[in-house]
Amino acid sequence: MSQQHSNVNQDDAKIREYWIKNVCDRDKNTQFKPKEIYDFIIVGAGTAGCVLARELIHCIPNINVLVLEAGGPDAYSNGIISLPCNTFKAFQVSEHNWGYITQEQKIQSFVDPTKEILKNGFPYICGKVWGGTSSLNAMVYMRGQAKWYNNWAAQGPEYKIWDWDHCLEAFKAVENNSRKNPDETFKKFHGFNGLLHVQDSQNGIYDVMSGLIDAAKNLGIPYNDDFNGERQNGVGIFQFTMNDGKRCSLAESYLKDALKKVELSPDSKSEKVVSVDVKSFAHVLNIIWDEENKEENIAIGVRYFCNGVVREAFIAPKGEVILCGGAFNSPKILMLSGIGPKENLESNNIKVRKELPVGRNLLDHSGFYIVAKSTPSAINHWSNGAEIGIIHKANVEGKIPCKDDFFDENPDIEIMGMFD
Ligand SMILES: Cc1cc2nc3c(=O)[nH]c(=O)nc-3n(C[C@H](O)[C@H](O)[C@H](O)COP(=O)(O)OP(=O)(O)OC[C@H]3O[C@@H](n4cnc5c(N)ncnc54)[C@H](O)[C@@H]3O)c2cc1C
């Protein structure tokens, strides 16, 4: 066993011990209501679930929200989650990760398309902890391109809200960017009062970084000092979702803010508490449907596994069950609930409620790393080791990108400079 693996195993054990002592034991004494009823049930305290919990509790008066999270709280993780220099370690801690691995598959060789190569299982990292994958990711603050959002909006009038103008306003509302002396163009594209902290690299530029940037500039690749500004291509240094050099996950920014809002309902007749209730280690198994309305597929609650017992939680009339389990697990929960491709469901003995191509549109983005060894003093604990981006248009023939690819307004390949 390598030194690195044994350290990770020790971290796993420490995190598990803390969770057992502080979360599981406390939960054992929790009195579960005979019938748990909430206005909203959110499945997954990840990136989307944390934002949603906070926005619901602040925007709709007099509601209570249940968040069910299969993982544990991020509060104790041996500094692995909060310290950027531990980013690549955070993936390896099995307590934080669902541990998915792709199936072995034959794919066409990129270099020689006449050949097939066998790809072994490839780990697909997926956060299982408060904050979800925002507690493990590389923290690069990079939005999608205007064109993608406008393509969504073009699908019909009901999608108008997804156009770039609406999304840009939403991005700005969430963001708290701490760039020093921002110019007018920067201000046009960024927010400064949101809960999600975004900052420039804390490291300054060290030799290997400036060498890479100079090399790119010599090739004619344009320098970009804001990958979320007017254009997204070129070479530049990323901004990060960090606050004062520490990871700013969505649990840290949004969920913890949501948890502060606890109050009694203004309706004096009831003693309902307006709050967000997060249950850790609560693994949602499937959606509970309204069996009286079989045709409509109306969700009325969820079944989940917690503390060794299968429990049920329900929504009040007009309430909603909202799946925020991420790109892999939300489709999985839908399929376990009978919504999905018929052949997949039937081969797993799941009764089909509605046949839909659930999970069929999974897309990933390509990225390549240039890895360089630096002197130990070059990088400090603020660095996740991946600070430079070279973003360009994919060359579908697999050729090395040429200068023109870097000028394309809609880049889709990312090269990261990694420094170890
Ligand atoms: C290695 C890696 C690096 C990345 N780097 C960046 C980056 O630098 N910048 C960037 O912007 N994005 C990055 N991303 C992508 C980004 O982190 C994700 O797109 C984003 O976190 C997805 O949010 P989500 O809410 O859809 O899912 P998640 O954040 O994954 O949240 C899903 C949550 O649901 C919970 N859950 C799932 N199933 C159940 C269940 N059955 N019961 C209860 N709870 C459940 C999970 O435990 C998890 O907490 C990276 C992703 C990876 C994998």
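Can you tell me the length gained on complete extension of the stretch GLU320 to CYS59, counting 0.36 nm per residue apart and subtracting the Cα distance? Provide the component values of the computation, followed by the final result.
Numbers: separation 261, 0.36 × 261 = 93.96 nm, distance 1.52 nm.
Computed gain between GLU320 and CYS59 is 92.4 nm.
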Subject >> At R0 = 22 Å, FRET efficiency that the Cβ-Cβ distance of TYR100 and ASN344 yields, to 0.05 >> reply: 0.85
Subject >> Which of HIS58, HIS190, HIS96 has the fewest Cβ neighbours within 10 Å, and the rest in rising order >> reply: HIS58, HIS190, HIS96
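Please report, in cubic angstrom per residue, the volume enclosed by the convex hull of the alpha-carbon atoms of the stretch 67-182. Show your work: numbers first, answer last.
On the way: hull volume 26.3 nm³, N = 116.
Hull volume normalised by residue count: 227 Å³.
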Subject >> Descending principal axes extents, the stretch 179-224, alpha-carbon based, whole Å >> reply: 37, 22, 17
Original post:
Check ASN177: other-chain or 5+ apart residues with amide H under 5 Å from its amide H, H built from backbone geometry?
Top reply: GLY191, PHE192, ASN193, GLY194, VAL198
**OP:** Work out the FRET efficiency for LYS354 and TRP152 from their Cβ-Cβ distance, taking R0 = 22 Å, and round it to the nearest 0.05.
**Re:** 0.45
Original post:
Tell me, in nm to one decimal, what length is gained between ASN9 and ARG303 on full extension, where the rule is 0.36 nm per residue of separation less the Cα-Cα distance?
Top reply: 102.7 nm
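Tell me, ARG311, ARG54 in order of fewest to most beta-carbon neighbours within 10 Å? Walk me through the numbers on the way to the answer.
On the way: ARG311 16, ARG54 23.
Lowest to highest Cβ neighbour count: ARG311, ARG54.
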Original post:
Taking θ as phi - 60°, what are the ³J(HN,Hα) couplings along the stretch 335-348 by the Karplus curve (6.51, -1.76, 1.60), each to the nearest whole Hz, with x for Gly and Pro?
Top reply: 5, 5, 9, x, 10, x, x, 3, 5, 5, 5, 5, 5, 10
Original post:
So between LYS294 and GLU17, what do we pick up on full extension, going 0.36 nm a residue minus the alpha carbon distance?
Top reply: 95.3 nm
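A short reminder: the numbers here are calculations on the coordinates, not readings from a lab. Small disclaimer: the values here were computed from a predicted structure and weren't measured. Note that we place each Cβ from the backbone using ideal geometry, even for glycine, and neighbour counts take in every protein chain shown.
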